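Beneath this line is the structure, given in C-alpha cells, with notes to follow.
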Amino acid sequence: EGLGEGLDWVQAQWWQPALASAPAWLQSLLLEGVWQGVSTVLTFVPILFVFFVLMAVVEDSGYLARAAFLMDAWMTRLGLDGRSFVMHLMGFGCNVPAILGTRIMRERRLRWLTMLVIPFSVCSARLQVFLFFVSTLFSAQAAPWVLLSLYLASFLVAMLTAWLFKRALPHREALVMEMPPYRLPVLAYLFTRAGGEVKAFLQLASTFILAGVVLIWALTHLPAAGGPTLAAQLGEWLAPVLDPLGIRHELAVALMVGVVAKEILLGGMAVIYGVPEAGLAQVISQQLDWVAAYSFMLFTLIYTPCLSTIAAIRKESRSNGFAALSVGYSLALAWCVAALFYQGARWWLG
C-alpha cells in the first residue's frame, strides 16, 4: 500500500505536470496505459520478495530433497516421481525454471508428464492476481482460506492431469538421489537471493508488461469498424464462451493478453478501467461478486501458460505437438473447471 501511494504521488507531482502540454492521446497512452499498468505490477514487488525469501528457506535448509523422497511413493501412483513434486513446487516461483529443471530426468516420457503438470503451479505472477482479488472481495478472515483453496486446486488439477496421462506416458526410471545434510540458511544470503529473484522477475517481465499494457490501451481506445472499441468487439465475440463462467467482457480482454505474460493481468485491468491500483480495487468490487471472482481466479490458475513457459515446453520437449497439447488441454480444462464451479455455485445459492 505504501509503494502504491508513493507511485500515485510520483504520477501526480511529476508525470502529469511534465505531460501537461502533450497531446491528449499521448497523455492517455503514457499515464492511463504505461504508467498505471506498470505501477500496478510494481506494488506487488514487496509480496514477491517475501515469497522468494520463504522459498529460499525451504531450498537452502536441505528439506527440498527430503520432500522429494517423502513424496516419491505417492507420486509414483500418478506416473511421476519425487523429483516431479519438487519441480512442481519450484513452479510456484516461476514455471520456466521448473520446466528447464526437468532435464535431470533421463526418461523422456517422465519429463513430458512432469512438464504437463508444472504449468498448473501458482507462479508468482498468478499470485499477484490472486492476492489482489482475495484482498478486494473477501473479508480478512476468509481471504487466507480462499488463497489456500487455490493452492489446493493447483495440486488437485496437477494430480488429475498426471492420472489422466500416466497410461499414455509410462516410464520405468527409478528415483536415485543424494540426501544433503540439514543446514541453517544464512539470513543475508536469503535476502540477497530473494532480491536477485525479484530483479530477474522484473527484467524478464518488463518487456512483456510494457508491450502488454500498450496493446491493451490500443484495444480499449482505438475504434473498430462501426464505432465500438476493439476491446468491446472482442468481448462480444467471446461472450458466448465466457458468459457461462461469469467472466465479464473487460476481463476477457485482459485474459487474452495475459497469455503473453500473467504479470500483465493486473496492469491490463488498470488500463481497461482507466484507474490506478487503488481505484481498481473499488471498480472490481462493484463489477464482480465473490462467485464470479473465484471463477475468474480458477480460470487464471489453469488456462494457457505464458509465452515464456510455452517456449520452454517446446524447447525441452522438442515437439510442437506436445507444446500444442499442453496449451489446448489447459485451456479446455480451465473452461470446464470454471464453468462447473460458477454454474454449480449459482445453482446452490439459488
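The values are calculated or read from the model by the stated rules, or taken from the named source; none is laboratory data. What you are looking at is a predicted structure, and each value in this text was computed from that prediction instead of being measured. FYI the Cβ positions are ideal-geometry reconstructions off the backbone, even for glycines, and counts take in every protein chain you see.
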**Request:** For region 317-327, name all the residues that are part of a helix (DSSP H, G or I), over 17 Å from the mean Cα position of the chain (by Cα) and not hydroxyl-bearing (S, T, Y).
**Result:** N320, G321, F322, A323, A324, L325
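Could you check region 96-115 and list, in sequence order, the residues that are under 16 Å from the mean Cα position of the chain (by Cα) and in contact (Cβ under 8 Å) with a residue 40 or more places away in the chain? Write out each step before concluding.
Filtering region 96-115 for residues under 16 Å from the mean Cα position of the chain (by Cα) gives 96-99.
V96, I99, listed by residue number.
Residue by residue, here is whether (1) of a type in the set (D, E, K, R); (2) closer than 30 Å to G6 by Cα holds:
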position	(1), (2)
D243	yes, no
E263	yes, yes
A270	no, yes
A281	no, yes
D289	yes, yes
T300	no, yes
A312	no, no
K315	yes, no
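Would you confirm whether any residue within region 38-45 is modelled with pLDDT of 80 or more and over 21 Å from G93 (Cα atoms)? Show your work before the answer.
Step one: list which residues in region 38-45 are modelled with pLDDT of 80 or more, which gives 45.
Subsequent filtering for residues that are over 21 Å from G93 (Cα atoms) retains none.
For region 38-45, residues modelled with pLDDT of 80 or more and over 21 Å from G93 (Cα atoms): absent.
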**Asked** Mind checking whether some residue in region 3-25 is touching a Pro at 6+ places or on another chain (Cβ under 7 Å) and crowded, with 17+ Cβ neighbours inside 10 Å?
**Response** yes
**Fill in**
Output for Cβ contacts, cut-off 8 Å, separation at least six or different chains, first residue surrounded by 14 or more Cβ atoms within 10 Å (Cβ to Cβ) in region 236-247, second charged (D, E, K, R) and part of a helix (DSSP H, G or I), reads G246/R346
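Only residues that are modelled with pLDDT under 90 and either within 28 Å of the chain's Cα centre (by Cα) or under 21 Å from I104 (Cα atoms) (or both): list them for region 141-167, please. Talk me through it step by step, then tell me what you get.
Here is the first cut: in region 141-167, the residues modelled with pLDDT under 90 are 166-167.
Matches in region 141-167: K166 only.
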**Which listed residue, of W347, W335, is out of contact with any Gly (no Cβ under 6 Å at 6 or more places or on another chain), surrounded by fewer than 21 Cβ atoms within 10 Å (Cβ to Cβ), free of Cβ contacts under 8 Å to residues at least 12 places away in the same chain and in a helix (DSSP H, G or I)** = W347
**Request:** Would you check which residues across region 57-91 are surrounded by fewer than 21 Cβ atoms within 10 Å (Cβ to Cβ) and not in a helix (DSSP H, G or I) and list them?
**Result:** S61, G62, L78
**Asked** For region 35-49, does any single residue satisfy the condition of being farther than 20 Å from L190 by Cα, over 20 Å from the mean Cα position of the chain (by Cα) and not basic (K, R)?
**Response** yes
**Message:** Looking at (1) within 29 Å of F296 (Cα to Cα); (2) in contact with a helix residue (DSSP H, G or I) (Cβ under 6 Å, 6 or more places away or on another chain), which one does L169 not meet, given that it meets all the others?
**Reply:** (1)
**Item:** Complete set of residues in region 15-63 that are within 20 Å of G4 (Cβ to Cβ) and β-branched (V, I, T)
**Value:** V34, V38, T40, V41, T43, V45, I47, V50
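Could you identify the single residue in T102, T114, T136 that is surrounded by fewer than 19 Cβ atoms within 10 Å (Cβ to Cβ) and either touching a helix residue (DSSP H, G or I) at 6+ places or on another chain (Cβ under 7 Å) or among the polar types (S, T, N, Q) (or both)? Please lay out each step first, then the result.
On the way: T102 fails: surrounded by fewer than 19 Cβ atoms within 10 Å (Cβ to Cβ); T114 fails: surrounded by fewer than 19 Cβ atoms within 10 Å (Cβ to Cβ).
One residue alone meets the criteria, T136.
Please find, among V327, V271, V253, the residue that is modelled with pLDDT under 80 and in contact with a helix residue (DSSP H, G or I) (Cβ under 9 Å, 6 or more places away or on another chain). Don't jump to the end; show me each part of the working.
Values: V327 fails: modelled with pLDDT under 80; V253 fails: modelled with pLDDT under 80.
Going through V327, V271, V253 in turn, the sole match is V271.
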